[in-house]
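Where a number appears in this text, it was derived from the coordinates with a stated rule and is not lab data. This structure is a prediction, so every number in the text was calculated from the model and none was measured. Cβ coordinates were reconstructed from backbone atoms using ideal geometry, including for glycine residues, and neighbour counts include every protein chain displayed.
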Amino acid sequence: MSYEKVTQLQSNVIIGTKQTLKAMKNGEISEVYVADDADQQITRKVQDLAKALDIPCQCVDSKKKLGIACGIDVGASTVAIKKDGFGD
């Protein structure tokens, strides 16, 4: 279900750890997705901040599949879904 949700909300996603962390700190995010096969040193920061800010954090099995769900040709370690009002 997670990949489908990301695909449906493509225009409302933030791709990448750096951008995800920034948007989380700015209160723009409703939930995040983290790929299990991504570097744990990188994704741990997102998971820890999500927990601290009480943002739901879903794990998915593949960063390649997560990237495809976002409409990009490379893997995505983390993807964030924007809250309503922060979209395009």
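Considering only residues that are surrounded by 15 or more Cβ atoms within 10 Å (Cβ to Cβ) and over 17 Å from residue 4 (Cα atoms), which ones fall in the stretch 65-88?
83, 86
The conditions are (1) in a strand (DSSP E or B); (2) closer than 19 Å to residue 84 by Cα, and residue 11 fails exactly one of them. Which is it?
Single failed check for residue 11: (1).
On the given criteria, is residue 61 over 21 Å from residue 84 (Cα atoms) and not aliphatic (A, V, I, L, M)?
yes
crowded, with 17+ Cβ neighbours inside 10 Å and either over 13 Å from the mean Cα position of the chain (by Cα) or of a type in the set (Lys, Arg) (or both) - does that describe any residue in the stretch 47-64?
Within the stretch 47-64, one or more residues are crowded, with 17+ Cβ neighbours inside 10 Å and either over 13 Å from the mean Cα position of the chain (by Cα) or of a type in the set (Lys, Arg) (or both).
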